[in-house]
Amino acid sequence: MRIFNSMFIFIILAVAVVACNDTGSEGGGGFIPTGDIIAVAERTGADQTIKVGGTPGAVPPGSTIEVTNLNTMESKPAVGQGDGSFDPIFTANTNDTFNVQVTDGGATTIGVTLLSQAVRRDLARLGSVPTAIEIRGSRAYVINGFSNNIQIFDLDQNTPQEIGTIVLPQGSNPVAMAFLDDKRAYVANNIGQSVALVNLQTRNCELILARTGEGNNFAPCQEVRFAADAFEDPSGIAVANDKVYVSNNNLDESFEPAGPGFISIIDAEDNQFIGTRGASGANTGGMTVIGNRIYVVNAGDISSTPDFSEFFCDFDFPPSIDVIDVETDSIIDTIDIPLSETNSKVCLPNRIAPTPDGKFGYMGLGLVGALLKVNLETNTVVNGPSNPIIVTDISGLNNTGDIEINEDGLGFTTLFNSDQIAVIDTANDQISPFPFSFFFPAGIRAASPNSDFFDGVQFLAIRPGTAGVDFEGADIFYTTGISSKLGSVNTALVLPPN
């Protein structure tokens, strides 16, 4: 839930404020792949772990391969796997050159590709507490909660440039955004107990629909409407079937669940409030439109020790997913997510990211570096808290704050505490599939793992299309929750050319 993320950030800020002053940046250097045989390392230097291998189809299955470091003359044999891949491991200098000899396939000489070369960490300064990033066409929209605005960036420029800002009323705390079309979008305002309709071309707030009793200062919005009991801590938002759906956390003054959450529904044609639908669980948050259904995640809740030194799942509020039919606006199914006594930190799921075929969905988690997986055809849990997909050690705190899946089925998930972006192949749920054999170093702590400070890599969005083909430059853009910066990853600098 976004409100929890905001609270968690400010707890951490007391010890991590120096992170905001960091100006370091990755990017540049390394060998850019020219074929499907690649040598890859996380970063530059001596004594680095280097994987030399091929992507599926690179060599004939069963073929004999000899890989030689031409600087040290160390050689390692390999055999082509059933899918035509291979990946022997070296400890070497990233300036070294490797020769790959394939039986009856000729030889290839390559340098070392660096995952860090694909990352640019400091593209722009963002507003206070970024809560989401959305991409439509060649524009990125960064929603800034405590700054009450939306920054707009032109992604077609070599370094994305800010080209405008949409200002929302003071005290709104915008947390989510959903596009109606190329001209208009709706924004959920968590503290403002409202939803705003913004014009993406004029960059004006055209209308705000607020809960009755929320005051009378809604400048600069051009029109104000009220609806009784319409919202209670809006958190997520989605547009489908000419309607706007808004999830509501429904928290009390101590940020604890006041009961189950609910979903508000607005007619997008006349912007009239239609009504609400009760959710099956607490902290109703992330929303994802898949076909004629909306999957709404009820995140549940967490508990902590009085000094916030330990966090763990609250078994009184288990998470669940409600499935809404957008034709009838009824909840037609609920996916219960049982918590695990053994994995007591595996909880607080966020929005579902569907695979390209719509068969499966993945969710990040609020306390640990792991993912949950559901079958969207049968509405059942595949990997729940008892058997999560582990990205980092789940005995300690981390936060897979967001996950997005590209058109090729590769999922990219942020790791808040370790300042990294990990990759999962949704075809087999392998973490760090070759050539993404290491996590992308996206912030301070990734570059210096023992650092007391970190940026808090949190939300990301993927630009539609193929980097290097449909557009030049990065295809993944991310925000940091502590240092409030915009960063990017260009996977075309790691993947072989199409």
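What spacing in nm lies between the two simple spin-label points modelled at Phe308 and Lys183, each 7 Å away from Cα in the Cβ direction?
4.5
Checking the a/c ratio against 1.5 first, then a/b against b/c, what shape does the Cα gyration tensor give for the stretch 432-498? If you can, show how the numbers build up before the last one.
On the way: a/c = 3.11, a/b = 1.59, b/c = 1.95.
Oblate shape, in that a/c is at least 1.5 and b/c is the bigger or equal ratio.
Which of rounded, prolate or oblate describes the stretch 277-419 when judged by the alpha-carbon gyration tensor and an a/c cut-off of 1.5? All intermediate terms of the calculation are to be shown ahead of the outcome.
Working: a/c = 2.07, a/b = 1.34, b/c = 1.54.
Oblate is the answer for the stretch 277-419, as a/c is 1.5 or above yet b/c matches or exceeds a/b.
With charges set only on the Cβ (+1 for Lys and Arg, -1 for Asp and Glu), what does the dipole of the chain come to about its Cα centre, in debye to the nearest 20?
Numbers: 24 positive and 58 negative charges, 158 e Å.
Dipole size: approximately 760 debye.
If you average the C-alpha positions of the stretch 94-136 and of the stretch 415-446 separately, how far apart do those two centres end up, in angstrom?
Value for the Cα centre distance between the two parts: 12 Å.
Would the stretch 378-498 count as rounded, prolate or oblate if I go by the C-alpha gyration tensor, calling it rounded below 1.5 in a/c and otherwise prolate when a/b exceeds b/c, oblate otherwise?
It comes out oblate by the Cα gyration axes.
Taking the alpha-carbon centroid of each part, what is the distance from the stretch 173-187 to the stretch 281-339 in angstrom?
Cα centroid of the stretch 173-187 versus Cα centroid of the stretch 281-339: 22 Å apart.
Computing the accessible area with a 1.4 Å probe over protein heavy atoms, can you report the carbon and sulfur percentage for the chain?
47
Order of 309-322, 435-448, 468-481 by packing, highest average Cβ count within 10 Å first?
Answer by packing, highest mean first, reads 435-448, 468-481, 309-322.
Taking +1 at the Cβ of each Lys and Arg and -1 at the Cβ of each Asp and Glu, which of Phe153, Ala176, Ile163 sits farthest along the dipole of the stretch 132-190 towards its positive end, judged by Cα position relative to the Cα centre?
Of the candidates, Ala176 comes out farthest on the positive side.
With charges set only on the Cβ (+1 for Lys and Arg, -1 for Asp and Glu), what does the dipole of the stretch 327-431 come to about its Cα centre, in debye to the nearest 20?
360
Obtain the nm distance between the two label points defined at Glu377 and Asn216 by a simple spin-label model: each point lies 7 Å from its Cα along the Cα-to-C-beta direction.
5.8
Which of Thr212, Ser247, Ala185 sits farthest toward the positive end of the charge dipole of the stretch 166-252, with +1 on the Cβ of Lys and Arg and -1 on the Cβ of Asp and Glu?
Ala185
Provide the per-residue ³J(HN,Hα) series for the stretch 445-456, in order, calculated from phi with Karplus coefficients 6.51, -1.76, 1.60 and θ = phi - 60°, each as a whole number of Hz, with x at glycine and proline positions.
Along the stretch 445-456, the couplings run 5, 5, 6, 10, x, 8, 5, 6, 10, 7, 7, x Hz.
Quickly estimate the mean residue ellipticity at 222 nm for the chain, helices only: each DSSP H run with n ≥ 4 gives -39500 (n - 2.57), and the total goes over all residues, rounded to 500.
-1000 deg cm²/dmol
Averaged over all directions, how much area does the convex hull of the C-alpha atoms of the chain cover when projected, in nm²?
22.7
May I ask you to give the solvent-accessible area per residue for the stretch 382-470, in square angstrom, as obtained with a 1.4 angstrom probe?
33
Could you tell me which residue out of Leu397, Gly364, Ser116 lies farthest along the dipole of the chain toward its positive end? Charges go on the beta carbon: Lys and Arg +1, Asp and Glu -1, centred on the Cα centre.
Ser116
How far is it, in nm, from the label point at Thr355 to the one at Ser128 when both lie 7 Å from their Cα along the line to the Cβ?
4.3
Within the stretch 49-82, whose backbone N sits under 15 Å from a point 7 Å along Cα→Cβ of Asn99?
Of the residues in the stretch 49-82, 65-77 have backbone N under 15 Å from the label point off Asn99.
Go ahead and run the numbers for FRET between Ser432 and Lys76, Cβ-Cβ distance against an R0 of 25 Å, rounding to 0.05.
0.80
If Asp122, Asp301 are ordered by their accessible area, calculated over protein heavy atoms with a 1.4 Å probe, which sequence runs from highest to lowest?
Heavy-atom accessible area, descending, gives Asp122, Asp301.
In Å², and per residue, what accessible area does the stretch 90-130 have when probed at 1.4 Å with the other protein chains present?
That works out to 36 Å² per residue.
With axes computed from alpha carbons, what is the tilt in degrees of helix 2-16 against the longest principal axis of the chain, rounded to the nearest 10 within 0 to 90?
That works out to roughly 60 degrees.
Within the chain, what percent of beta bridges assigned by DSSP are antiparallel, to the nearest 5?
Values: 135 of 143 bridges.
Percent antiparallel among DSSP bridges in the chain is about 95.
Quick one: putting +1 on the C-beta of Lys and Arg, -1 on the C-beta of Asp and Glu, what dipole do you get for the stretch 226-287 around its Cα centre, in Debye to the nearest 20? Before the final figure, lay out the partial values.
Numbers: 2 positive and 10 negative charges, 47 e Å.
Roughly 220 debye for the stretch 226-287.
How big is the antiparallel share of DSSP beta bridges in the stretch 205-318, given as a percent to the nearest 5?
85
Cross-chain or 8 or more residues apart, Cα under 30 Å: how many lysine pairs in the chain fit that? Count them up, please.
Taking the chain as the scope, the lysine pair count is 11.
The values are calculated or read from the model by the stated rules, or taken from the named source; none is laboratory data. All figures in this text were calculated on a predicted structure; none of them were measured in a lab. A quick note on method: Cβ atoms are made from the backbone with ideal geometry, for glycine too, and the neighbour counts reach across all protein chains shown. Heads up: the accessible areas ignore ligands, DNA and RNA and are worked out on the full protein's heavy atoms, side chains in. Shrake-Rupley method; radii C 1.70, N 1.55, O 1.52, S 1.80 Å.
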